[in-house]
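Written out below as structure tokens is the structure these notes cover.
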Amino acid sequence: MPAPVAPAIAPTVPPAIPDAERAAFEARLRALQARYHIHHPFNQRMASGQCSRAQIQGWVANRFYYQVNIPLKDAAILSNCPDRATRREWVVRILDHDGSAAEPGGIEAWSRLGEAVGLTRAALWSQQMVLPGVRFAVDAYVNFARRAPWQEAVCSSLTEMFAPAIHQERLAGWPQHYPWIEAEGLAYFRSRIPLAQRDVEHGLRVTLEHFRTPAEQQRATQILQFKLDILWSMLDAIEKAYPE
């Protein structure tokens, strides 16, 4: 006689958070926009046309280190995530940056930005201009994604909520303030606006569903602040290295 089979136990579904509480949590996350690096003095000077060619080149070269590490961060999230549905949504982020046979991707678009501001591809890819402070900040972010629970790493990506504004700022101002930058090089900023909006929808859904108690929601705001600090500290290092 075959051994009896234990009945399947349905997974426990936590009760839904009231809409008002969910909206208040989202509002607290979005309120952190006040600490986004769009407000950093270096970015404000860059946006108003006050940066020199060397400063623009230094920013592009250092930000490239962040760009090439984004797929590593996203791969780390996937490696920690047991949920198949989430992995299927998240994996597109890697292709967005690494590219494919059909679409070069964000890293290649940033390489073209580097060429548009007068950097050679070899100088950009060698990472010889990457500052220690920038390297330290970016590596800290990737290491966080590797070690944290995947939902926390997802939460840290929510700086994307604030990214469209900074991309639009550059698209609107750079052609006027920096006419020496080849226009084709700005394609990265244009492409990221719809992708950021798509990514926010998924990341926000995960965050609002996972962080439910007051303590958990406080943890989420701390995680998002950590990511904002990463971006801010990168500009601190760049501003110090390129004072004029």
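The values are calculated or read from the model by the stated rules, or taken from the named source; none is laboratory data. As the structure is a computational prediction, the values presented were derived from the model and not from experiment. Glycine gets a Cβ as well: all are built from the backbone with ideal geometry, and neighbour counts include every protein chain shown. For the accessible areas, the whole protein counts, side chains as well, though only heavy atoms, and no ligand, DNA or RNA atoms are used. Shrake-Rupley method; radii C 1.70, N 1.55, O 1.52, S 1.80 Å.
Before moving on, here are some points about what is shown:
- Per-residue extension of 0.36 nm, minus the Cα-Cα distance of GLU182 and GLN168, leaves a gain of 3.3 nm for this segment.
- Look at the alpha carbon pairs under 8 Å that are at least 6 residues apart: their mean separation over the length of region 118-244 gives a relative contact order of 41 percent.
- For the chain, a Kirkwood radius taken over Cα pairs fed into Stokes-Einstein (25 °C, viscosity 0.890 mPa s) yields D = 126 µm²/s.
- When you restrict to C-alpha pairs under 8 Å that are six or more residues apart and normalise by the size of the chain, the relative contact order lands at 30 percent.
- Cα centroid of region 171-240 to Cα centroid of region 48-84, whole Å: 10
- Degrees between helix 84-98 axis and first principal axis of the chain (Cα, 0 to 90, nearest 10): 10
- Whole-percent carbon and sulfur share, accessible surface of the chain, 1.4 Å: 57
- Relative packing of 29-35, 185-191, which averages over residues the other C-beta atoms within 10 Å, highest first: 185-191, 29-35
- Heavy-atom surface of the chain, accessible at 1.4 Å and reported per residue (Å²): 50
- For region 177-244, the equivalent ellipsoid built from the Cα gyration tensor has semi-axes of 33, 21, 5 Å, listed from largest to smallest.
- From helices alone, the chain scores -23000 deg cm²/dmol at 222 nm; the rule is -39500 (n - 2.57) for each run of n ≥ 4 DSSP H residues, then divide by the residue total.
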